[in-house]
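Here the structure comes first, spelled out in C-alpha cells, and everything after it is commentary.
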Amino acid sequence: MFIILLRFSENRQRAGTFMEAHNAWVDRGMRDGVFVVVGTLKPALGGAILAHAATAADLRSRVDSDPFVENRIVTAEILEIAPSKVDPRLGFLLARPT
C-alpha cells in the first residue's frame, strides 16, 4: 500500500493548463484499480492518493507519467506502508501485489 503526496511547486500557477490531463490520469488510476482514494491536501497544498495493487516500480512509473509531475506543477513523494491491521472493510489492503 502506498500514500502518494503531490505537493504544489513553484509552477502551481500553471495547474489550470494541465488540469484536464491530470484528471484523466487520476481517472485511469481509479479504473485500473490502483488508486483507492484521491483527494486534496488542505489547505490547497496539492493532492494525496492512497494506492494499492501495484509494485513500487510500477507505481513510480505511473506517478512519473502524471502531467502535473511531468510539468513540475507538483513534486511527488511516495510512501510505502506495510499494513498489519485494518478494519475488516479494508481487508483487501492486506494483499500484496505479485
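What follows draws every value from the coordinates through simple rules; no lab data is involved. It should be emphasised that the depicted structure is a prediction, and the values quoted were computed from it without experimental measurement. Every residue, glycine among them, receives a Cβ derived from its backbone with ideal geometry; neighbour counts consider all protein chains shown.
Which value at 222 nm does the chain reach when only helices count, each DSSP H run of 4 or more adding -39,500 (n - 2.57), with the total divided by all residues and rounded to the nearest 500 deg cm²/dmol? Present the calculation step by step, with values, prior to reporting the outcome.
On the way: 3 runs with 30 residues, N = 98.
Mean residue ellipticity at 222 nm (helix-derived): -9000 deg cm²/dmol.
Where does the charge balance sit around residue 52 when Lys and Arg score +1, Asp and Glu -1, over other residues with C-beta under 13 Å from its C-beta?
Details: positive: 62, 96; negative: 32, 58, 80.
Result for the local shell: -1.
How do 20, 70 rank when sorted from fewest to most other Cβ atoms within 10 Å of their own Cβ? Walk me through the intermediate numbers first.
Working: 20 10, 70 13.
Listing 20, 70 from fewest to most nearby Cβ atoms yields 20, 70.
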Which labelled figure in (1) 3, 13, 25, 27, 20, 8, 2, 1, 0, 0; (2) 2, 12, 20, 18, 14, 10, 8, 7, 5, 3, 1; (3) 3, 13, 24, 25, 17, 10, 5, 3, 0 is P(r) over Cα pairs in 5 Å bins from 0, in percent, once derived from the coordinates: (3)
Of 17, 75, 55, the one that fluctuates the most in a GNM where the chain has Cα springs shorter than 10 Å: 17
